[in-house]
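What follows is a set of notes on a single structure, which appears directly below.
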Amino acid sequence: MDTTTKNLKFYEEDLSEEQIRNLYLRKLATGEIQGPPTGKPSMDKPHLKFYPEEALKLDFPKMTMYDYLKEQSKNHLDDIAIVFDTDFGKNEITYGELFSNIDSLSETLQRIYGIRKGDKVAVSLANTPESVYAFYALSKMGAIYCPIDPRANEYGLERDLKDLNVKMYIGIMDNYKKVKKVSEKLGIKNVVVTSPINSLNNKMVKSLYISQKFLEGNVPFSLKRRWPKLNQNSSLNFANFDVYEEGSLAAISYTGGTTGVHKGVELSNDALNNMVFSHRYIMENVKRGDVFMNILPQFMIFGMFTLHLALCRGLETHLLLDASPENFLKNLKRLNPAMAFGGPVHWETLIDNSEVIPGCLSNMKAPVSGGESLPVVKERKINESLIKGGAQETICNGFGASELGGSVTLKEGNKSREGTVGILHVYDNAKIVNPNTGEEEYYNNVGELYVTTPSLMLRYHNNEEESNKAIKVSEDGTRWFATGDLAKIDEDGTIELVGRIKRLFVCGLNNVYPPEMEELISSIPGVKKCAVVPIPDAELRQVPKVHFVIENDTEENRSKIQDATQALIAERIGVEVLPRYYEFNDDLKYTPNGKVDFEGIRKDDIQKMNIVSEKQKVKTNK
């Protein structure tokens, strides 16, 4: 039990109507009392039967993220909180040192830069301790944390900083010239940059880095523009800031924008605190002091969530600068962590990999995959590798979104059916909505997945139109996020994703669900990866095109795999939707966040078709 439990509502006379209702539904789901279900998941809440009754009597803590971390850690200040783990050395930071650095940065931001409650501060750092300090220092002060991807080009940086109207920018030295130009244009006076290896004790490596950045013109002459020396004796150590307001804005983080409008997601302290608090009933085998391998930087919402989760649970959090899939297994073997997060693109590197040897993953209790769906055949192969490496648990696949503050479901190993994303977290709810009628569907029917959670975003920043599209308010005032995912929910509350509504396309008179095809194609021996995208067709409107990445890429194998694909789709889905185009690649195209860039692949294909068409026109004219 965590240290906030004694401060939470527990006795039935203090329970809300919703909590009393949830206790009743749990008893119906477990069979303790008899009664007919409605057949609609959001009304029956069958997932509640998997959680203890105690969970339904508690409220998540209403405080800032900083205060929640402090409450969870105050009796463990000598424990290791962070290990900044790089190729050039590492630095261990205890919880006591972590809070001293956070408090010192808070003091500096107020005294030197005039940052106050409600001010927006852009933070564009790598996966470093400085990023952690900034995240919690701003939370403590009641300022608004606005992460910016340091890989953003000048146009993207100017767009986001202008939209946010920030009072300050904190970033890495590599971008100083670009930031200086944009900040002067927008009138941002407070700019601070630091080395991504600032927290290392290796003076030679740090000096070489600074020298290189100086020659590039990326080192500011003004000391006020350089990361401050943090004072371990800050006068603000453990000071209580009266800044918490329920539902108030705490962070604004931008979505990837690869398949739609680039949008800033507004989150409250409650959003991430609820996410962490609900996880106390998930992955219970992970204990304080266990090692967590963290490759997700805090400029991503999932990076914020996983960091806050790991530190509040007392995990020894290793911050890695290297998030590349090709080095994922190497780092897993080196650290042998109890918990690690990654996308399918990371976990797939374990499949049929000779580097996976017995015992190399013996401490693994929570291998978590997210970001996009994981085909069953890939899930099985990943699990085979985890078992071979001696992992204590198979892959934990979840579902979430930036707008939901992180994940809202989790399939813990084999606790739910394979090919699913498991059940909802205890305080969340979901329903399947018919896209045509807007009515909730019954169990096992396909429709759009709607989710409501205390972690739901407040709104999209400065974008009322997109906010209204995404958030649907029901008659009882419940705010639902329309995920854009096609899914179904069974009688146990297990959620199975079918595909994205945006990826759904029509071939002739038939609906095509690309993930369904990709699932089948992935089961063909020799296929490492695949992607199905729609291509314009004069007769059928759109037809499927398959992109392959295969083993032993020869003309003979290409022909065999293409024939096998045709036969399998004809048998399982139908000849009406057979792919008309095939392309074999060395790898698929990915977004900066490591997801398969289906929209980018589709656009590239159309561009190639247009080029061919233009060449044919020229040839005809000649």
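The values are calculated or read from the model by the stated rules, or taken from the named source; none is laboratory data. Fair warning: this is a prediction, and the values are worked out from it, not measured in the lab. All Cβ positions, glycine included, derive from the backbone under ideal geometry; neighbour counts span all protein chains shown.
Quick one: in segment 403-424, which of the residues that are among the hydroxyl-bearing types (Ser, Thr, Tyr) and over 18 Å from Ala340 (Cβ atoms) is surrounded by the most Cβ atoms within 10 Å (Cβ to Cβ)?
Going residue by residue through segment 403-424, those that are among the hydroxyl-bearing types (Ser, Thr, Tyr) are 407, 409, 416, 420.
So of that shortlist, the ones also over 18 Å from Ala340 (Cβ atoms) come out as 409, 416, 420.
Values: Thr409: 27, Ser416: 23, Thr420: 24.
In this case the residue turns out to be Thr409.
Conditions (1) in a loop (DSSP other than H, G, I, E, B); (2) among the hydroxyl-bearing types (Ser, Thr, Tyr); (3) touching a helix residue (DSSP H, G or I) at 6+ places or on another chain (Cβ under 6 Å), marked per residue:
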position: Glu107; (1), (2), (3): no, no, no
position: Gly118; (1), (2), (3): yes, no, no
position: Val123; (1), (2), (3): no, no, yes
position: Asn127; (1), (2), (3): yes, no, no
position: Tyr133; (1), (2), (3): no, yes, yes
position: Ala137; (1), (2), (3): no, no, yes
position: Tyr145; (1), (2), (3): no, yes, yes
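What's the number of the condition Val506 fails, among (1) among the hydrophobic types (A, V, I, L, M, F, W, C); (2) loosely packed, with under 14 Cβ neighbours inside 10 Å; (3) farther than 18 Å from Pro435 by Cβ?
All conditions are met except number (3).
In segment 438-466, which residue that is part of a loop (DSSP other than H, G, I, E, B) and of a type in the set (Val, Ile, Thr) is surrounded by the most Cβ atoms within 10 Å (Cβ to Cβ)?
Residues of segment 438-466 that are part of a loop (DSSP other than H, G, I, E, B), as a first pass: 438-439, 441-446, 453-458, 461-463.
Subset that is of a type in the set (Val, Ile, Thr): 446, 453.
Numbers: Val446: 16, Thr453: 26.
Checking each candidate, the answer is Thr453.
Checking Lys469 against (1) modelled with pLDDT of 95 or more; (2) over 20 Å from Pro46 (Cα atoms), which single condition isn't satisfied?
Checking Lys469 against (1) modelled with pLDDT of 95 or more; (2) over 20 Å from Pro46 (Cα atoms), the one that fails is (1).
From the list Thr317, Thr349, pick out the single residue that is more than 30 Å from Asn462 (Cα to Cα), in contact (Cβ under 8 Å) with a residue 12 or more places away in the chain and out of contact with any strand residue (DSSP E or B) (no Cβ under 8 Å at 6 or more places or on another chain). Before the answer, list the steps.
Working: Thr317 fails: out of contact with any strand residue (DSSP E or B) (no Cβ under 8 Å at 6 or more places or on another chain).
Matching residue, one of Thr317, Thr349: Thr349.
Kindly indicate which of Gly31, Gly96, Gly39 is under 24 Å from Met141 (Cβ atoms) and out of contact with any helix residue (DSSP H, G or I) (no Cβ under 8 Å at 6 or more places or on another chain). Before you say what the answer is, go through the steps one by one.
Details: Gly31 fails: under 24 Å from Met141 (Cβ atoms); Gly39 fails: under 24 Å from Met141 (Cβ atoms).
Result of the check over Gly31, Gly96, Gly39: Gly96.
If you check Ser139 against the conditions, is it modelled with pLDDT of 95 or more, over 15 Å from Ser106 (Cβ atoms) and either over 25 Å from the mean Cα position of the chain (by Cα) or buried (at least 22 other Cβ atoms within 10 Å of the Cβ) (or both)?
Details: modelled with pLDDT of 95 or more: yes; over 15 Å from Ser106 (Cβ atoms): no; either over 25 Å from the mean Cα position of the chain (by Cα) or buried (at least 22 other Cβ atoms within 10 Å of the Cβ) (or both): yes.
So Ser139 fails the test.
Where residues in segment 511-532 are among the hydroxyl-bearing types (Ser, Thr, Tyr) and in contact with a helix residue (DSSP H, G or I) (Cβ under 7 Å, 6 or more places away or on another chain), which of them is farthest from Phe584 (Cα to Cα)?
Narrowing segment 511-532 to residues among the hydroxyl-bearing types (Ser, Thr, Tyr): 513, 522-523.
From what's left, in contact with a helix residue (DSSP H, G or I) (Cβ under 7 Å, 6 or more places away or on another chain): 522-523.
On the way: Ser522: 14, Ser523: 17 Å.
Looking at the filtered set, the residue picked out is Ser523.
Six or more apart or on different chains, Cβ under 9 Å: which pairs go from a residue in segment 127-153 that's under 17 Å from Phe302 (Cβ atoms) to one that's basic (Lys, Arg) and surrounded by fewer than 24 Cβ atoms within 10 Å (Cβ to Cβ)? Could you list them?
Tyr145/Lys120; Cys146/Lys120
Would you confirm whether any residue within segment 174-186 is β-branched (Val, Ile, Thr) and crowded, with 20+ Cβ neighbours inside 10 Å? Before the answer, list the steps.
Start the filter on segment 174-186 by keeping residues that are β-branched (Val, Ile, Thr), which leaves 179, 182.
Subsequent filtering for residues that are crowded, with 20+ Cβ neighbours inside 10 Å retains 179, 182.
The answer is yes; a qualifying residue exists.
Considering only residues that are of a type in the set (A, V, I, L, M), surrounded by fewer than 17 Cβ atoms within 10 Å (Cβ to Cβ) and within 22 Å of Pro375 (Cα to Cα), which ones fall in segment 527-563?
Once the filter is applied, which keeps residues that are of a type in the set (A, V, I, L, M), surrounded by fewer than 17 Cβ atoms within 10 Å (Cβ to Cβ) and within 22 Å of Pro375 (Cα to Cα), segment 527-563 yields only Val549.
Residues checked against (1) without any contact (Cβ under 8 Å) to a residue 12 or more places away in the chain; (2) under 16 Å from the mean Cα position of the chain (by Cα); (3) within 17 Å of Phe305 (Cβ to Cβ):
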| position | (1), (2), (3) |
| --- | --- |
| Ile382 | no, no, no |
| Gly389 | no, no, no |
| Gln392 | no, no, no |
| Gly398 | no, yes, yes |
| Leu410 | no, yes, yes |
| Glu418 | no, no, no |
| Tyr427 | no, no, yes |
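Can you tell me which residue among Glu418, Glu403, Glu355 is of a type outside the set (Ser, Thr, Tyr), in a loop (DSSP other than H, G, I, E, B) and modelled with pLDDT of 90 or more? Walk me through how you get there before you give the answer.
Working: Glu418 fails: modelled with pLDDT of 90 or more; Glu403 fails: in a loop (DSSP other than H, G, I, E, B).
It is Glu355.
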